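No lab work stands behind these numbers, since they all come straight from the coordinates. What you are looking at is a predicted structure, and each value in this text was computed from that prediction instead of being measured. As a convention, Cβ positions derive from the backbone with ideal geometry for all residues, glycine included, and neighbour counts pool all protein chains shown.
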Amino acid sequence: MRARTTTVTTAALTAFALLACGSGPLDVSRSVRSSKKPPPTEHDPSALHGRYTVPPDQALLPLRLRVEGPAADDAAARVREELADLQRAVSDLPPCAVEVQDYRPPSRYGDDWASEAWATLSVDLGGLATALERMERLDQCRGAVLPQTTRYTEPIENTELERSLSLGGPVLVVDAPEAHLPALLARRAEALQAVTAPMAPQLHPEDYRCVPTGQVRVGTRSLAGVVLDLGVDCRVQADTPEPPAEG
């Protein structure tokens, strides 16, 4: 029994020493905290190089609001109040707007009622010449609504309700990509003119037909620029067999 007691005591002292030195469970806690850090976002510096790019017109960020409570009417009314608060938060910022997109009326959630609404925080990026200027505008609009977001569902003071509000990442958009169709057609024509028969006779360009679809495809999106590409349907023309001679 004495030997066992000595072993247990030694183990306890060792564990205490590890804690005092900042090892053991403390290290585990630190590793858990560090594991919550998001992985670094990869960036391809050549994504825009040599491509046809235009500046983004807007950044669109999704908002999702949820309210839960014992009474359906209270949950629905609170959703409207929260949406109005979001719109007031950006009312003094002309480049920013909160637009309601969709709504789910209260429905049973266990013993309570839950109602949801979806909105979009739109950020006008027009007239800004650089990515840095667009960054500042984006942070300005996000900063107006971030104080109202939650990490988890949280109680609403002096009520029986709970709420959650999340703000998603920005999606950069070009308002009228089809307006760039003439420039994309001219760019495509220049590329085709560079392929001539003396330079590449094996291509037989007279047998290759490309027809623009009239659509403008949106590619890589970044604050520095949005890649646009021409929709083209290309195919090789099959030889048409000659009809057999009569007689």
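Below are the figures for this structure:
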read-out: Among PRO106, GLN87, ALA131 the positive-end extreme of the charge dipole of region 57-168 (Cβ point charges); value: ALA131
read-out: Point-to-point label distance, VAL54-LEU93, nm (Cα→Cβ direction, 7 Å offset); value: 2.6 nm
read-out: Spin-label pair GLN101/ASP73, simplified geometry with 7 Å Cα→Cβ offset, distance in nm; value: 3.2 nm
read-out: Highest average packing first - 151-162, 52-63, Cβ atoms within 10 Å; value: 52-63, 151-162
read-out: Translational diffusion of region 96-178, µm² s⁻¹ [Kirkwood Rh, Cα pairs; Stokes-Einstein; 20 °C; 1.002 mPa s]; value: 138 µm²/s
read-out: Calculated FRET efficiency for the pair LEU146/ARG108, C-beta based, R₀ 30 Å, to 0.05; value: 0.45
read-out: In region 37-127, GluC sites (Glu not before Pro) in a DSSP loop with at most 10 other beta-carbon atoms within 10 Å; value: GLU42
read-out: Lys/Arg +1, Asp/Glu -1 at C-beta; region 55-109 dipole; positive extreme among ALA77, CYS96, PRO55; value: ALA77
read-out: Peptide ranges 227-233, 104-110 listed from the most packed, as the mean C-beta count within 10 angstrom indicates; value: 227-233, 104-110
read-out: Rounded FRET efficiency, nearest 0.05, which uses the C-beta distance separating THR41 from ARG235 and R0 of 30 Å; value: 0.20
read-out: Ascending count of other beta-carbon atoms within 10 Å, so fewest first, for THR149, THR41; value: THR41, THR149
